[in-house]
Structures are given as structure tokens and as C-alpha cells.
Amino acid sequence: MASVAFIGLGNMGGPMAANLVKAGHRVVGFDMVEGNLSRAAEAGVEPADSAAAAAAAADCIVTMLPAGPHVRAVYMGDGGGEGGVIAAARPGALLVDCSTIDVDSARAVNRAAAEKGFEMVDAPVSGGVGGASAATLTFMVGGEEQAFARAEPVLAAMGKTIVHTGGPGTGQAAKICNNMILGISMIAVSEAFALAERLGLDAQKLFDVASRSSGQCWSLTTYCPVPGPVPNSPANRDYAPGFTADMMLKDLRLAQQTAHASGAATPLGAEAAALYALFSNAGHGAKDFSGIIRMLAGKA
Ligand code: NAD
């Protein structure tokens, strides 16, 4: 079994690192938040004093950080390849970034790693905290064939679907395309339930029809934004996350950045980003993203 460094032990990284321990890997971890580090230690992760110290001990370095600037700083240190994980890692170590970040940052870090002789993949995930805990995440992995082959057995301890999406950055591209579908479809499903209420159509009846008709989608059948039809969806616990509206906004903004840069027309993606910005600015960014139904129905 490999020696793994895990940097970023938050809501997702904590349970992911715990699953690596369960799979028999030696895991050395680091997080800037002491409480997250001690929670990981309870799950068998050996705490390190810094990201560089964790990286220096590992065959494989996994990161699960908030956004592009954190990933650039952790890997590249001063931005020139010195002082970060790339400078501290031992020769031949594999670098795996599981954070959701912009494609440009993913490719910049991959290039900096390659210049120092390291193989790296971008491997963002879908499946949320539940999937991270149950080791059922979906990984979308961008990188060279050989780097993917090396990463796959490590990722298999944390997820059940692992897709090689192509070269560096394509994992992040897949992630933001998927989440743009999710953001738009949640708004569509929410608008339909808000309309049904106005028309005197019972929410459960709409669910019974749409879940077996052409309106069927994940936002409806797995994550229904009204309480009742899907008992474990966040709507049944006053929209406690789950996946926060601010996280959804972050991903929709990443999609818009790349849409502008590449010339892709994504008008509904742009509208979804604007609606989530309104919802977040109204003070609901920490709620689950499915809570946007309350704003769309005129209740928040
Ligand atoms: P989180 O904020 O709970 O965890 C991030 C962790 O990184 C924190 O513990 C923070 O202290 C740590 N960190 C930040 N800078 C650091 C540094 N320089 N060195 C060491 N640690 C540092 O966030 P999360 O929910 O775990 O999400 C992590 C990533 O996964 C994000 O990119 C997010 O978009 C993505 N994601 C989240 C979910 C979800 O449902 N939460 C689902 C899919 C993908």
C-alpha cells in the first residue's frame, strides 16, 4: 500500500482521507484548521506540521482545497515552483488535485509539476459529503495516460466511478459542465414546483408524474427541492447542506469564465449564475443549493 499525503481535510477531504486509511494506506495529513487536523487524526491520519512536511513523506500527494488560488499556493509556493508541495515532494511522487478549480489554474499547476519531473492529474469529484463518507464518489480525471493509471488505485479507495476525461484540465472541464447542468436543472425543477403550487397541483402528484416522464432528472428524483417526495433530500431539513448555494455559485462562475474565454454560448448557465448570486447576496449562501426554490417561489 502507498504512503499518501492528504492536504485539505475539510468537509470532503476529511472523510476521503479516512477512507484511504481504511483501505490500508499510510496517510499523513495537513490542514490549516487545527480542528480539521485533529478530527482526521481520530480517523487514523498522521498529522503533519505543514503541507510541505506531509508531501515530503509520500509516494502520492492528494489535495482537496477550496479554490484555484489555494491550489496554486499549496503546490507552487511563491508561484515560481519554490516553497510548495512541488518543491518538497520526493522524486517520482504522483500529484492528485481533487479540488474543484478553474481550468487555467489546473493546467498551470500541472505544467509547474511537469517542469520538475512530476506526473499530476486533476481529479475533481461529484457525490458530495455523503459520497465522500461512503467512498462512492465519481472522479473525473484529467492527465496523461500513465498518470491516470497510477492515480486510479488510490482514487478507487475513495470512489466507485473513475473516468479518464483526457489530458490535463479536462477533469475540471467535465466537473464545471456537469455542475452547470445541475444548477440549471435545479432551477427548472424549482420553477415547476412553484408553478404547480399556484395551480393547485399537489407537489407529490407532480413528483409522481414528472419522475416517470420526460421531466425526470437528478434534481427531481434524488434531490427534490420540496419536502416529502424524496425523504432524505435537504428540503426535509430546512435546506441544511448538502452542497451549499455558494459552492454552486462558485462552480457556475467557473463555467461562465471558461465560456467567455472559449466563446461558448451558455445563456442558461449565465442566468443560473445570476440567480444563485441573488440567492447568495440575500443571505442564503450557506443553505443547500436546492433552497433556491424558496426565492423562486417568492418565499425567501
Ligand atoms: P472545505 O472548506 O470544508 O475544506 C477545504 C479545506 O482546505 C479546509 O479545511 C481548509 O482549512 C483547507 N485549506 C485551505 N487552504 C489550505 C492550505 N493552504 N493548506 C492546508 N489546508 C488548507 O471545503 P469542501 O467542502 O471540503 O470542498 C473542497 C473542494 O471540493 C472544493 O473545491 C469544492 O468545490 C469541492 N467539492 C465540494 C463538494 C461538497 O459537497 N462539499 C462536492 C464536490 C466538490
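Shape class of segment 120-248 from the Cα gyration tensor (axes a ≥ b ≥ c, square roots of the eigenvalues): prolate, since a/c reaches 1.5 or more and a/b is larger than b/c. Across segment 175-185, rounded Karplus estimates of 3J(HN,Hα) from the backbone phi angles (6.51 cos²θ - 1.76 cosθ + 1.60, θ = phi - 60°) give 5, 6, 5, 4, 6, 5, 4, 4, x, 5, 5 Hz, Gly and Pro being marked x.
Annotation: peptides 281-288, 222-229, ranked by per-residue average of other Cβ atoms within 10 Å with the highest first, follow the order 222-229, 281-288.
Legend: P(r) of the chain from all alpha carbon pair distances, 10 Å bins from 0, whole percents, reading 7, 27, 32, 21, 10, 2, 0.
Annotation: per residue accessible area for segment 197-236 equals 61 Å², rounded to a whole number [probe 1.4 Å, protein chains only].
With the Cα gyration tensor of segment 173-296 giving a ≥ b ≥ c as the square roots of its eigenvalues, does the rule (a/c under 1.5 for rounded; else a/b larger than b/c for prolate; else oblate) give rounded, prolate or oblate? Write out the running numbers ahead of the final one.
Numbers: a/c = 1.96, a/b = 1.55, b/c = 1.27.
Verdict is prolate for segment 173-296.
Over the chain, DSSP H runs of length four or greater, each weighted -39,500 (n - 2.57), average out per residue to a 222 nm ellipticity of -14500 deg cm²/dmol. Between the amide H of GLY166 and those of GLY143, distances stay under 5 Å, these residues lying 5 or more places away or on another chain, with hydrogens modeled in the peptide plane. Comparing PRO91, ALA51, VAL4 along the charge dipole axis of segment 3-166, the residue lying farthest to the positive side is VAL4, per the Cβ-charge model.
Between ALA134 and GLU46, the modelled label-to-label distance comes to 3.3 nm, taking each label 7 Å out from Cα in the direction of the beta carbon. Magnitude of the charge dipole for the chain, about its Cα centre and with charges confined to Cβ atoms of Lys, Arg (+1) and Asp, Glu (-1), is about 560 debye. Note that segment 20-140, at 37 °C in a medium of 0.692 mPa s, gets a Stokes-Einstein diffusion coefficient of 223 µm²/s from its Kirkwood radius over C-alpha pairs. Annotation for segment 269-300 versus segment 83-156: alpha-carbon center distance of 31 Å. Less than 5 angstrom separates the built amide H of LEU137 from those of GLY159, LYS160, all sequence-distant by 5 or more or on a different chain. Looking at segment 3-166, the DSSP beta bridges with both ends there are about 10 percent antiparallel. Compared with the dominant principal axis of the Cα atoms in the chain, helix 145-155 is inclined by about 70°. Amide H to amide H distances under 5 Å link ILE61 with ALA5, LEU94, LEU95, VAL96, where only residues 5 or more positions off or on other chains count and H is placed in the peptide plane.
How much of the accessible area of segment 94-253, in percent, comes from carbon and sulfur atoms when a 1.4 Å probe is used? Show your work: numbers first, answer last.
Values: 3880 of 6930 Å².
Solvent-exposed carbon and sulfur of segment 94-253 make up 56 percent of the total.
For the pair LYS22 and SER38, label points projected 7 Å from Cα toward Cβ lie 2.4 nm apart.
If one takes the longest principal axis of the Cα atoms in the chain, at what angle in degrees, from 0 to 90 and to the nearest 10, does the Cα axis of helix 267-279 lie? Here the helix axis deviates by roughly 90 degrees.
Packing-wise, with mean Cβ within 10 Å as the measure, how do 4-17, 101-114 rank, highest first? Before the final figure, lay out the partial values.
Working: 4-17: 26.0, 101-114: 21.9.
Ranked from most to least packed, the peptides come out as 4-17, 101-114.
Lysine pair count for the chain with Cα-Cα distance under 23 Å and sequence separation of 8 or more or different chains is 7. The packing ranking, built from the mean of other Cβ atoms within 10 Å per residue, places the peptides 23-36, 64-77 in the order 64-77, 23-36, highest first.
The values are calculated or read from the model by the stated rules, or taken from the named source; none is laboratory data. Since we're looking at a predicted model, the values are computed, not measured. So basically every Cβ, Gly included, is an ideal-geometry build from the backbone, and we count neighbours across all protein chains shown. All accessible areas refer to the heavy atoms of the entire protein, side chains included, with ligands and DNA or RNA removed. Shrake-Rupley method; radii C 1.70, N 1.55, O 1.52, S 1.80 Å.
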